[in-house]
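Engineer: Mind looking over this structure? Questions follow.
The values are calculated or read from the model by the stated rules, or taken from the named source; none is laboratory data. Predicted, not measured: the structure shown is a model, and the values here were computed from it. We place every Cβ from the backbone using ideal geometry, glycine too, and count neighbours over all the protein chains shown.
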Amino acid sequence: MGLQRHAIIAPILIFALTAGCGSGELGGGMHDSDAAAGGGDLVAPGDVAGTQQSDGGAPAPLDGTLSAADAGGGEDAAPATDGAPPAPDSSPAGADSGADSTPPSASNLAFEEQNGRVVVEAEHFFENDANGKPRQWYVWKPGAAGVKPDPDPEHTAGASGGSYIEGLPDTRVTASDTLTSGVNFFGNGGQGPIVRYRVWFNQTGRYYVRARAYSTGAEDNGIHVGIDGTWPASGERIQWCSGKNQWTWSGAQRTAANHCGEADKIYLDVTSKGLHVIAFSMREDGFELDRFVLTIDKAFNPSGAGPAESATRKP
Ligand SMILES: [Ca+2]
Ligand SMILES: [Ca+2]
Ligand SMILES: [Ca+2]
């Protein structure tokens, strides 16, 4: 219970999650400190696994309900469906207002890119896929119970829409904790649990990715991004080093030359107009994602909560 009670019990924006809520993972092993991420074997037996998600008794569980879609995927998943699917809502969520728009998960609605930019709340994915791993993306809302183990409290207070997603449980908190590839660390895009978003592009081009995350340590600060089921090298290892203990934007890529990330190296090439699926996959457990922006303007770097969320449309 620790977590939940800290939060501002303000409006319990429970937008019934439906199809998916999960949160995810942060996978990355080799981070700052990390030791080797190597391809280890999936050790971590049962302890870890998503088993924790539904710890009985806990009040208001993180609504990490798995999306019906991926229910079959991971063993861990035991969906805790709590609620009926929300009605699709195209109204953009207020950027900093704390307003919460209904996730378009129950429909085919896609966030629409306009003027070279699209902004999406991380909690508004249409699909939450554990990808067969003992980690899962969960949606945080004020007062949620959380999933253990997880060393830090919730951070809904400063999150846009009062909500964000996190990869849990988090068993690798410091570099001294065991790194188990495939369990609490996923070195490449697409290996770990995935959350997917529908985006409609009106123009093709190279879109730079800026994501807003909350890192409290050295093993919860990396994630991968991909498009249409592919995980290009330019989408691997988005990294956060500075801006600890607060919501911070990054579009930097962790490289051998700079473990803290090289600016503007994270991007996705959109080669056709229309509907595409943007996805984030866990690199390190304990990673927290609030929202993301795709922009053709390389010089654009969001501040604060960033621009208002993009409107949705039918594909
Ligand atoms: Ca945490
Ligand atoms: Ca971790
Ligand atoms: Ca958010």
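Engineer: With (1) under 26 Å from ALA311 (Cβ atoms); (2) surrounded by fewer than 24 Cβ atoms within 10 Å (Cβ to Cβ); (3) modelled with pLDDT of 95 or more; (4) not charged (D, E, K, R) as the list, and VAL139 as the residue in question, which single condition is left unmet?
Structural biologist: All conditions pass for VAL139, except number (2).
Table: residues versus (1) touching a residue at least 60 places away in the same chain (Cβ under 8 Å); (2) in contact with a helix residue (DSSP H, G or I) (Cβ under 7 Å, 6 or more places away or on another chain).
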residue	(1), (2)
ALA252	no, no
THR271	yes, no
ARG283	yes, no
PHE287	yes, no
PHE292	yes, no
ALA305	yes, yes
ALA308	yes, no
ALA311	yes, no
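Engineer: Next question, about the same structure. Can you name every residue in the stretch 207-239 that is touching a residue at least 60 places away in the same chain (Cβ under 8 Å), more than 16 Å from ligand 1 (Cβ to nearest atom) and part of a loop (DSSP other than H, G, I, E, B)?
Structural biologist: The one that is touching a residue at least 60 places away in the same chain (Cβ under 8 Å), more than 16 Å from ligand 1 (Cβ to nearest atom) and part of a loop (DSSP other than H, G, I, E, B): ARG237.
Engineer: Name the residues in the stretch 141-151 that are within 16 Å of ligand 2 (Cβ to nearest atom) and of a type outside the set (A, V, I, L, M), would you?
Structural biologist: The answer is GLY146, LYS148, PRO149, ASP150, PRO151.
Engineer: Assigned to a loop (DSSP other than H, G, I, E, B), within 30 Å of ILE296 (Cα to Cα) and more than 16 Å from ligand 1 (Cβ to nearest atom) - does that describe any residue in the stretch 157-170?
Structural biologist: Within the stretch 157-170, not a single residue is assigned to a loop (DSSP other than H, G, I, E, B), within 30 Å of ILE296 (Cα to Cα) and more than 16 Å from ligand 1 (Cβ to nearest atom).
Engineer: Filter the stretch 144-201 down to the residues that are acidic (Asp, Glu) and out of contact with any Ser or Thr (no Cβ under 7 Å at 6 or more places or on another chain), then identify the one that is nearest to ligand 3 (Cβ to nearest atom).
Structural biologist: GLU154
Engineer: Among the residues of the stretch 152-209, which ones are of a type in the set (S, T, N, Q) and away from ligand 2 (no atom under 16 Å from the Cβ)?
Structural biologist: THR156, SER160, SER163, ASN188, ASN202, GLN203, THR204
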